[in-house]
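Below: one structure, written as structure tokens.
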Amino acid sequence: MAMVDASAVLLTEEVPRSARSWWRHLELAVPVTLLVLTVGACFLWPVIASVPAPVGGDVLSSDLPPFSPGHLLGTDPNGNDVWSRILYGGRNSLVVGVSVNLIGLLIGGTLGAVSAYAGGIVDTIVMRVFDVLIAFPSLVLVLAVAQSLGPSRLNTILALAFFSIPSTARISRSATLRLREQPFMAAAKLCGTSTWRTLFRHIAPNIAPQLITFSMLGMGIVIVIEGALSFLGLGIPPPAPSWGNMIAQGQQSLSATPLLVVWPCVALFLTVLGFNLLGETLRSRWSGR
């Protein structure tokens, strides 16, 4: 009986362990697969498959239903292929999202780390500037900058950088302040290691996981805000496609052709969901939970 009981205990311990392992693989595989399919479709599909141009469609072929010959998702009122516009619109949205977060990582991450490591008056000045920017409602600030710069992809990236840099800087500063008190940082200072070498050799690798996780979560937010700017006519201007301006154009004929709004909304939702799930998974794993 003792042997049976021991076997039963081992079996009950092994099942939850294998279930946890299966779930850990699944929670990473789902968002990665979703994002790989999205990025692959947007950037590779037009290269390896025959896709109509996203602009310059034939008005005589306007408002074709889905699965029409040569038009997988049909056409819009201008005769442009909807599937093609979703793919090229996804390119624009992803380029904006990646560019904004890279700017946030490079500028905000560097300023936050330098500010925390230097301390004193440098830390006070840098953080007070970012406090002023953060004090403004983020969307209002982005709208004001986008309105002043004018609609274009580059201006959209610059406008959204005002949203990304201060928040990334505060995350970087917080992580660096925790590292500054560690013994290996004191050892590096006693050895005469230069400030920039300390920042790039010791601080950057240790705060990178937190910044990458924050950027993955921020990607979804940036893509949504870019869609909102394009919807309002302040982002990527037509006829260049973006998911935001596709939704704005589709609402003009929403009652007659609702799918023109549904398709870009689905693409936007799945992309943001993938980035949010990946960011949350990375945060959970790197925090040791």
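The values are calculated or read from the model by the stated rules, or taken from the named source; none is laboratory data. Computed from a prediction, not measured in an experiment: that's the story for all the values here. Glycine also receives a Cβ, built like all others from the backbone with ideal geometry; neighbour counts cover every protein chain displayed. Please note that ligands, DNA and RNA were not included when accessible areas were found on the heavy atoms of the full protein model with its side chains. Shrake-Rupley method; radii C 1.70, N 1.55, O 1.52, S 1.80 Å.
When Lys and Arg each count +1 and Asp and Glu each count -1, what net charge do the other residues less than 12 Å away from Ser253, Cβ to Cβ, add up to? Intermediate values should be presented prior to the final figure.
Details: positive: none; negative: Asp63, Asp76.
Taking every other residue near Ser253 into account, the sum is -2.
Students often check this: by mean Cβ neighbours within 10 Å, which of 131-140, 149-158, 94-103, 27-36 ranks highest, and how do the rest follow?
Taking the mean over residues of other Cβ atoms within 10 Å, the ranking is 94-103, 149-158, 27-36, 131-140.
At a 1.4 Å probe radius, carbon and sulfur cover how many percent of the accessible area of the chain?
71
Only helices at least 20 Å long along their own axis, judged from Cα atoms, and with Kyte-Doolittle mean hydropathy of 0.5 or greater: name those in the chain from DSSP H.
Span-like helices in the chain: 2-48, 82-103, 120-135, 204-231, 259-286.
Using amide H atoms built in the peptide plane, which far-off residues or other-chain residues are under 5 Å from Gly74 H to H?
Phe67, Ser68, Val82, Trp83
Using Cα pairs closer than 8 Å and at least 6 residues apart in sequence, work out the relative contact order for the chain, in percent.
It rounds to 21 percent for the chain.
With the other protein chains left in place, how much accessible area per residue, in square angstrom, belongs to segment 99-247 at a 1.4 angstrom probe?
Value returned for segment 99-247: 48 Å² of accessible area per residue.
Can you compute the radius of gyration and Dmax for the chain, using only the Cα atoms, both in Å?
24.1, 82
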